[in-house]
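*Asks:* Supplied in C-alpha coordinates, the structure appears directly below.
The values are calculated or read from the model by the stated rules, or taken from the named source; none is laboratory data. Keep in mind that what you see is a predicted model, and the values were worked out from it rather than measured. Here the Cβ positions follow ideal geometry from the backbone for every residue, glycine too, while neighbour counts run over all protein chains shown. Please note that ligands, DNA and RNA were not included when accessible areas were found on the heavy atoms of the full protein model with its side chains. Shrake-Rupley method; radii C 1.70, N 1.55, O 1.52, S 1.80 Å.
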Amino acid sequence: MPVPLFDTSGPLEPLRGELRAAIDRVLDSERYILGPEVRAFELEFAAYLGASHAVGVANGTDALTIALRAMGVGPGDEVIVPSFTFYASAEAIPPTGATAVFCDIDPETFCVTAETVRAVMTPRTRAVMAVHLFGNVAPIAEIEALGVPVLEDAAQAAGSLGPGGRPGALGTAATFSFYPSKNLGAFGDAGAITTNDEQIAERARALRFHGSRDKQTFEDIGYNSRLDELQAAVLRVQLPHLDGWADGRRAAAAHYAEAGLAELVSLPIATAGAKPAWHLYVVRSERADELEQALRAAGIEARSYYRRPTHRQPAMLTELDLPGTTEAARTNLALPISPVLSVEQVAEIVAAVRAVA
Ligand SMILES: *Cc1c(COP(=O)(O)O)cnc(C)c1O
(Lines give C-alpha, C1' and ligand atoms only; values in the text may rest on other atoms or scores of the structure.)
Protein backbone atom coordinates (compact mmCIF):
# COMPACT_ATOMS: atom_id res chain seq x y z
CA MET A 1 0.00 0.00 0.00
CA PRO A 2 1.36 3.46 -0.88
CA VAL A 3 2.26 5.60 2.14
CA PRO A 4 2.20 9.41 1.76
CA LEU A 5 4.78 11.61 3.53
CA PHE A 6 2.00 13.12 5.61
CA ASP A 7 -1.76 12.65 5.85
CA THR A 8 -3.64 15.94 6.18
CA SER A 9 -7.14 14.62 5.40
CA GLY A 10 -7.27 11.42 7.52
CA PRO A 11 -7.25 13.16 10.90
CA LEU A 12 -9.92 15.64 9.68
CA GLU A 13 -12.35 12.97 8.49
CA PRO A 14 -14.25 12.67 11.81
CA LEU A 15 -14.45 16.49 12.05
CA ARG A 16 -16.09 17.13 8.66
CA GLY A 17 -19.52 17.92 10.11
CA GLU A 18 -18.11 20.33 12.67
CA LEU A 19 -15.92 22.00 10.04
CA ARG A 20 -18.89 22.53 7.74
CA ALA A 21 -20.92 23.99 10.61
CA ALA A 22 -18.08 26.38 11.45
CA ILE A 23 -17.84 27.53 7.82
CA ASP A 24 -21.63 28.04 7.70
CA ARG A 25 -21.43 30.09 10.90
CA VAL A 26 -19.00 32.47 9.19
CA LEU A 27 -21.14 32.68 6.04
CA ASP A 28 -24.18 33.50 8.19
CA SER A 29 -22.28 36.16 10.12
CA GLU A 30 -21.13 37.99 6.97
CA ARG A 31 -17.93 38.94 8.84
CA TYR A 32 -14.86 37.72 6.97
CA ILE A 33 -11.82 39.60 8.28
CA LEU A 34 -10.73 40.15 11.92
CA GLY A 35 -14.05 39.43 13.58
CA PRO A 36 -15.31 37.29 16.48
CA GLU A 37 -13.84 34.00 15.18
CA VAL A 38 -10.33 35.50 15.03
CA ARG A 39 -10.70 37.01 18.49
CA ALA A 40 -11.97 33.71 19.91
CA PHE A 41 -9.19 31.73 18.24
CA GLU A 42 -6.57 34.16 19.56
CA LEU A 43 -7.86 33.69 23.12
CA GLU A 44 -8.16 29.90 22.79
CA PHE A 45 -4.73 29.47 21.19
CA ALA A 46 -3.01 31.68 23.79
CA ALA A 47 -4.72 29.73 26.59
CA TYR A 48 -3.68 26.41 25.01
CA LEU A 49 -0.03 27.53 24.83
CA GLY A 50 0.06 29.18 28.23
CA ALA A 51 0.93 32.53 26.63
CA SER A 52 -0.74 35.84 27.48
CA HIS A 53 -1.42 37.02 23.92
CA ALA A 54 -1.94 35.63 20.44
CA VAL A 55 -2.24 37.82 17.34
CA GLY A 56 -3.57 36.20 14.17
CA VAL A 57 -1.84 37.16 10.92
CA ALA A 58 -1.94 36.09 7.27
CA ASN A 59 0.87 33.48 7.32
CA GLY A 60 3.93 32.29 9.22
CA THR A 61 6.39 34.36 7.20
CA ASP A 62 4.60 37.65 7.91
CA ALA A 63 4.36 36.53 11.54
CA LEU A 64 8.17 36.42 11.74
CA THR A 65 8.72 39.86 10.17
CA ILE A 66 5.98 41.48 12.25
CA ALA A 67 7.16 39.81 15.48
CA LEU A 68 10.74 40.96 14.92
CA ARG A 69 9.59 44.53 14.29
CA ALA A 70 7.28 44.40 17.32
CA MET A 71 10.33 43.31 19.37
CA GLY A 72 12.12 46.45 18.22
CA VAL A 73 14.39 44.90 15.58
CA GLY A 74 15.32 47.35 12.84
CA PRO A 75 18.05 48.76 10.58
CA GLY A 76 21.59 48.22 11.85
CA ASP A 77 20.61 45.22 13.98
CA GLU A 78 21.69 41.63 13.50
CA VAL A 79 19.34 38.68 13.97
CA ILE A 80 20.87 35.23 14.42
CA VAL A 81 19.06 32.48 12.53
CA PRO A 82 19.92 28.89 11.65
CA SER A 83 20.69 28.17 8.02
CA PHE A 84 19.14 24.68 8.19
CA THR A 85 15.43 25.53 8.20
CA PHE A 86 12.77 26.54 5.71
CA TYR A 87 13.98 29.54 3.70
CA ALA A 88 11.24 31.79 5.15
CA SER A 89 12.96 31.93 8.57
CA ALA A 90 15.88 33.98 7.25
CA GLU A 91 13.85 35.62 4.48
CA ALA A 92 11.67 37.33 7.12
CA ILE A 93 14.65 39.26 8.54
CA PRO A 94 15.81 41.69 5.77
CA PRO A 95 12.34 43.32 5.45
CA THR A 96 12.83 44.60 9.03
CA GLY A 97 16.01 46.40 7.96
CA ALA A 98 18.16 44.03 10.04
CA THR A 99 20.80 41.60 8.77
CA ALA A 100 20.46 37.81 8.99
CA VAL A 101 23.51 36.18 10.62
CA PHE A 102 23.60 32.41 10.13
CA CYS A 103 24.43 30.00 12.92
CA ASP A 104 24.98 26.26 12.94
CA ILE A 105 22.79 23.49 14.39
CA ASP A 106 23.33 20.24 16.23
CA PRO A 107 22.69 17.69 13.45
CA GLU A 108 21.38 15.15 16.00
CA THR A 109 18.52 17.42 17.10
CA PHE A 110 18.38 19.68 13.99
CA CYS A 111 18.11 22.66 16.39
CA VAL A 112 20.36 25.58 17.30
CA THR A 113 22.20 25.37 20.63
CA ALA A 114 23.52 28.03 23.03
CA GLU A 115 27.01 27.23 21.68
CA THR A 116 26.15 27.64 17.99
CA VAL A 117 24.40 30.93 18.79
CA ARG A 118 27.22 32.25 21.00
CA ALA A 119 29.73 31.54 18.21
CA VAL A 120 28.17 34.23 15.98
CA MET A 121 27.05 36.83 18.54
CA THR A 122 28.34 40.38 18.09
CA PRO A 123 27.58 43.70 19.84
CA ARG A 124 24.96 44.27 17.13
CA THR A 125 23.01 41.06 17.87
CA ARG A 126 19.50 42.25 18.66
CA ALA A 127 17.62 38.94 18.65
CA VAL A 128 17.93 35.21 18.01
CA MET A 129 15.37 33.42 15.87
CA ALA A 130 15.36 29.90 17.32
CA VAL A 131 13.58 27.42 15.03
CA HIS A 132 11.88 24.41 16.63
CA LEU A 133 12.75 22.38 13.56
CA PHE A 134 10.70 19.30 12.64
CA GLY A 135 8.80 19.77 15.93
CA ASN A 136 11.87 19.31 18.12
CA VAL A 137 12.21 22.04 20.77
CA ALA A 138 15.20 24.41 20.64
CA PRO A 139 16.78 25.17 24.05
CA ILE A 140 15.24 28.63 24.54
CA ALA A 141 16.20 29.16 28.20
CA GLU A 142 19.87 28.38 27.49
CA ILE A 143 19.92 30.84 24.60
CA GLU A 144 18.16 33.55 26.63
CA ALA A 145 20.84 33.05 29.28
CA LEU A 146 23.28 34.52 26.74
CA GLY A 147 21.45 37.81 27.36
CA VAL A 148 19.63 38.19 24.06
CA PRO A 149 15.88 38.16 23.29
CA VAL A 150 14.64 35.02 21.53
CA LEU A 151 11.94 34.81 18.88
CA GLU A 152 10.75 31.20 18.53
CA ASP A 153 9.92 30.11 14.99
CA ALA A 154 7.38 27.51 16.12
CA ALA A 155 5.89 26.95 12.65
CA GLN A 156 6.65 23.21 12.89
CA ALA A 157 6.13 22.79 16.64
CA ALA A 158 2.41 23.17 17.41
CA GLY A 159 1.63 20.39 19.89
CA SER A 160 5.22 19.93 21.08
CA LEU A 161 6.22 20.23 24.74
CA GLY A 162 9.44 21.79 25.95
CA PRO A 163 11.14 21.69 29.35
CA GLY A 164 9.64 25.04 30.44
CA GLY A 165 6.26 24.75 28.69
CA ARG A 166 4.99 24.75 25.15
CA PRO A 167 6.80 26.28 22.18
CA GLY A 168 5.05 29.59 21.72
CA ALA A 169 5.35 30.48 25.40
CA LEU A 170 9.10 29.97 25.97
CA GLY A 171 10.81 33.02 24.44
CA THR A 172 10.19 36.77 24.21
CA ALA A 173 7.76 36.08 21.37
CA ALA A 174 6.95 33.22 18.99
CA THR A 175 5.40 32.65 15.60
CA PHE A 176 3.28 29.92 14.06
CA SER A 177 2.29 28.96 10.54
CA PHE A 178 -1.04 27.24 9.94
CA TYR A 179 -0.14 26.28 6.38
CA PRO A 180 -2.33 23.25 5.59
CA SER A 181 0.38 20.61 6.08
CA LYS A 182 1.58 21.96 9.46
CA ASN A 183 0.59 20.20 12.72
CA LEU A 184 -2.33 22.62 13.07
CA GLY A 185 -3.36 23.44 9.50
CA ALA A 186 -5.87 25.90 8.10
CA PHE A 187 -7.61 25.54 4.71
CA GLY A 188 -5.27 28.11 3.20
CA ASP A 189 -2.63 30.48 4.54
CA ALA A 190 -2.74 31.59 8.17
CA GLY A 191 -0.34 32.38 11.00
CA ALA A 192 -0.01 33.81 14.50
CA ILE A 193 2.33 35.65 16.84
CA THR A 194 2.28 34.78 20.54
CA THR A 195 3.94 36.54 23.47
CA ASN A 196 3.66 37.28 27.17
CA ASP A 197 4.67 40.90 26.53
CA GLU A 198 1.68 43.22 26.24
CA GLN A 199 3.61 45.90 24.32
CA ILE A 200 4.85 43.43 21.72
CA ALA A 201 1.29 42.12 21.30
CA GLU A 202 -0.09 45.64 20.89
CA ARG A 203 2.56 46.59 18.35
CA ALA A 204 2.00 43.36 16.38
CA ARG A 205 -1.76 44.05 16.36
CA ALA A 206 -1.14 47.48 14.86
CA LEU A 207 1.47 46.27 12.35
CA ARG A 208 -0.85 43.59 10.95
CA PHE A 209 -3.33 46.37 10.12
CA HIS A 210 -1.25 49.00 8.32
CA GLY A 211 0.38 50.28 11.52
CA SER A 212 -2.90 51.51 12.98
CA ARG A 213 -4.60 50.75 16.30
CA ASP A 214 -7.91 52.45 15.51
CA LYS A 215 -8.12 52.45 11.67
CA GLN A 216 -8.00 56.26 11.80
CA THR A 217 -4.48 57.14 12.87
CA PHE A 218 -1.53 55.44 11.13
CA GLU A 219 1.52 55.48 13.39
CA ASP A 220 3.73 53.11 11.45
CA ILE A 221 4.41 51.61 8.03
CA GLY A 222 2.74 48.27 8.59
CA TYR A 223 1.25 45.43 6.57
CA ASN A 224 -2.03 44.09 5.33
CA SER A 225 -1.55 40.78 7.14
CA ARG A 226 -4.77 39.66 8.75
CA LEU A 227 -6.22 36.30 9.70
CA ASP A 228 -9.50 35.47 7.96
CA GLU A 229 -12.62 34.55 9.91
CA LEU A 230 -13.00 31.37 7.84
CA GLN A 231 -9.48 30.20 8.69
CA ALA A 232 -9.93 31.08 12.37
CA ALA A 233 -13.23 29.16 12.49
CA VAL A 234 -11.56 26.10 10.93
CA LEU A 235 -8.62 26.34 13.35
CA ARG A 236 -10.98 26.56 16.34
CA VAL A 237 -12.54 23.23 15.38
CA GLN A 238 -9.11 21.60 15.18
CA LEU A 239 -7.35 23.10 18.21
CA PRO A 240 -8.98 20.78 20.80
CA HIS A 241 -7.59 17.82 18.80
CA LEU A 242 -4.02 19.08 18.51
CA ASP A 243 -2.74 17.26 21.61
CA GLY A 244 -4.34 13.98 20.52
CA TRP A 245 -2.74 14.35 17.08
CA ALA A 246 0.61 15.11 18.72
CA ASP A 247 0.25 11.90 20.75
CA GLY A 248 -0.39 10.06 17.47
CA ARG A 249 2.78 11.51 15.96
CA ARG A 250 4.80 10.53 19.05
CA ALA A 251 3.31 7.04 18.90
CA ALA A 252 4.39 6.73 15.25
CA ALA A 253 7.92 7.81 16.22
CA ALA A 254 7.90 5.18 18.98
CA HIS A 255 6.77 2.52 16.46
CA TYR A 256 9.74 3.41 14.24
CA ALA A 257 12.13 2.93 17.17
CA GLU A 258 10.44 -0.33 18.25
CA ALA A 259 10.66 -1.70 14.71
CA GLY A 260 14.47 -1.44 14.89
CA LEU A 261 14.95 1.57 12.61
CA ALA A 262 17.89 2.74 14.75
CA GLU A 263 19.93 -0.25 13.51
CA LEU A 264 19.63 1.10 9.95
CA VAL A 265 19.77 4.91 10.12
CA SER A 266 20.35 7.65 12.74
CA LEU A 267 17.07 8.59 14.43
CA PRO A 268 16.23 12.20 15.38
CA ILE A 269 17.04 12.93 19.02
CA ALA A 270 14.65 14.98 21.18
CA THR A 271 16.35 17.90 22.94
CA ALA A 272 16.71 17.69 26.73
CA GLY A 273 13.31 17.63 28.43
CA ALA A 274 11.33 17.88 25.17
CA LYS A 275 8.37 15.82 23.96
CA PRO A 276 8.34 16.74 20.26
CA ALA A 277 5.18 16.47 18.17
CA TRP A 278 7.29 15.35 15.22
CA HIS A 279 6.03 17.51 12.36
CA LEU A 280 8.44 15.61 10.16
CA TYR A 281 10.26 12.42 11.12
CA VAL A 282 13.72 13.03 9.76
CA VAL A 283 16.45 10.40 9.96
CA ARG A 284 20.04 10.65 8.76
CA SER A 285 21.98 8.26 6.55
CA GLU A 286 25.09 8.37 4.38
CA ARG A 287 22.87 6.74 1.75
CA ALA A 288 19.92 9.12 2.04
CA ASP A 289 19.47 9.57 -1.74
CA GLU A 290 19.62 5.84 -2.44
CA LEU A 291 17.11 5.21 0.35
CA GLU A 292 14.77 7.90 -0.96
CA GLN A 293 14.73 6.29 -4.41
CA ALA A 294 14.20 2.78 -3.07
CA LEU A 295 11.35 3.90 -0.80
CA ARG A 296 9.68 5.80 -3.61
CA ALA A 297 9.94 2.75 -5.83
CA ALA A 298 8.10 0.85 -3.07
CA GLY A 299 5.34 3.49 -3.02
CA ILE A 300 6.59 5.09 0.19
CA GLU A 301 6.94 8.84 -0.04
CA ALA A 302 10.23 9.93 1.54
CA ARG A 303 11.85 13.30 0.96
CA SER A 304 15.01 15.16 1.90
CA TYR A 305 14.65 18.68 3.27
CA TYR A 306 16.78 21.79 2.84
CA ARG A 307 19.48 19.96 0.81
CA ARG A 308 20.72 23.41 -0.10
CA PRO A 309 20.64 25.23 3.25
CA THR A 310 19.73 28.93 3.34
CA HIS A 311 23.32 30.25 3.53
CA ARG A 312 23.96 28.50 0.19
CA GLN A 313 20.84 29.88 -1.55
CA PRO A 314 21.47 32.40 -4.36
CA ALA A 315 19.62 35.21 -2.56
CA MET A 316 21.61 34.77 0.68
CA LEU A 317 24.90 33.31 -0.51
CA THR A 318 27.75 33.27 2.04
CA GLU A 319 31.03 31.37 2.29
CA LEU A 320 30.37 30.40 5.92
CA ASP A 321 31.46 26.99 7.12
CA LEU A 322 28.63 25.45 9.15
CA PRO A 323 29.59 21.79 9.61
CA GLY A 324 26.46 20.64 11.48
CA THR A 325 24.29 22.28 8.82
CA THR A 326 26.26 20.71 5.97
CA GLU A 327 26.01 17.29 7.58
CA ALA A 328 22.24 17.57 8.20
CA ALA A 329 21.61 18.93 4.70
CA ARG A 330 23.57 16.10 3.08
CA THR A 331 22.28 13.12 5.07
CA ASN A 332 18.66 13.90 6.08
CA LEU A 333 15.63 11.99 4.87
CA ALA A 334 12.06 12.55 6.07
CA LEU A 335 10.04 9.35 6.45
CA PRO A 336 6.23 9.35 6.50
CA ILE A 337 4.63 10.54 9.72
CA SER A 338 1.14 11.62 10.71
CA PRO A 339 -1.23 11.32 13.68
CA VAL A 340 -2.76 8.24 12.03
CA LEU A 341 0.34 6.37 10.75
CA SER A 342 -0.27 2.75 11.76
CA VAL A 343 2.06 0.13 13.22
CA GLU A 344 1.57 -1.86 9.99
CA GLN A 345 2.62 1.08 7.82
CA VAL A 346 5.67 1.67 10.01
CA ALA A 347 6.61 -2.02 9.72
CA GLU A 348 6.32 -1.79 5.93
CA ILE A 349 8.50 1.34 5.81
CA VAL A 350 11.15 -0.12 8.09
CA ALA A 351 11.22 -3.31 6.02
CA ALA A 352 11.78 -1.22 2.88
CA VAL A 353 14.64 0.66 4.59
CA ARG A 354 16.12 -2.64 5.77
CA ALA A 355 16.09 -3.98 2.22
CA VAL A 356 18.50 -1.21 1.20
CA ALA A 357 20.54 -0.45 4.31
C1 LIG B 1 6.19 26.87 7.16
C2 LIG B 1 7.32 27.60 7.82
C3 LIG B 1 7.42 29.00 7.80
C4 LIG B 1 6.55 29.86 6.93
O5 LIG B 1 5.21 29.78 7.15
P6 LIG B 1 4.17 30.21 5.98
O7 LIG B 1 2.85 30.15 6.68
O8 LIG B 1 4.30 29.24 4.88
O9 LIG B 1 4.53 31.60 5.57
C10 LIG B 1 8.43 29.60 8.52
N11 LIG B 1 9.32 28.87 9.22
C12 LIG B 1 9.27 27.53 9.24
C13 LIG B 1 10.28 26.79 10.05
C14 LIG B 1 8.29 26.85 8.54
O15 LIG B 1 8.27 25.51 8.55
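*Asks:* At 1.4 Å probe radius, can you tell me the per residue accessible area of the chain in Å²?
*Replies:* Accessible surface, normalised per residue, equals 40 Å².
*Asks:* A further question on this structure: Not counting ligands, DNA or RNA, and with a 1.4 Å probe, what is residue 27's accessible surface area in Å² rounded to the nearest 10?
*Replies:* We get 90 Å² for residue 27.
*Asks:* Still on this model: Ignoring everything but the protein chains, give the 1.4 Å probe accessible area of residue 263 in square angstrom, nearest 10.
*Replies:* My reading of the accessible area for residue 263 is about 130 Å².
*Asks:* Hey, another quick one. Whose amide H sits under 5 Å from the amide H of residue 77, counting only residues 5 or more places off or on another chain, with H placed in the peptide plane?
*Replies:* Amide H neighbours of residue 77: 99.
*Asks:* Considering only 192, 10, 335, whose Cα is most displaced toward the positive end of the charge dipole of the chain, charges sitting on Cβ of Lys, Arg (+1) and Asp, Glu (-1)?
*Replies:* 192
*Asks:* Leaving ligands, DNA and RNA out of it, rank 215, 275 by accessible area with a 1.4 Å probe, largest first.
*Replies:* Largest accessible area first, the residues go 215, 275.
*Asks:* Specify the inter-centroid distance of region 164-224 and region 249-297, based on alpha-carbon positions, in whole Å.
*Replies:* Result: 32 Å between the Cα centres.
*Asks:* Ordering 241, 53 from largest to smallest accessible area (1.4 angstrom probe), what's the sequence?
*Replies:* 241, 53
*Asks:* Quick check: at a probe of 1.4 Å, how many percent of the accessible area of the chain sits on carbon and sulfur atoms?
*Replies:* Whole-percent figure for carbon plus sulfur exposure: 53.
*Asks:* Which loop-located GluC sites (Glu not before Pro) does region 175-238 contain, where loop means any DSSP state but H, G, I, E or B and the Cβ has at most 13 other Cβ atoms within 10 Å?
*Replies:* 219
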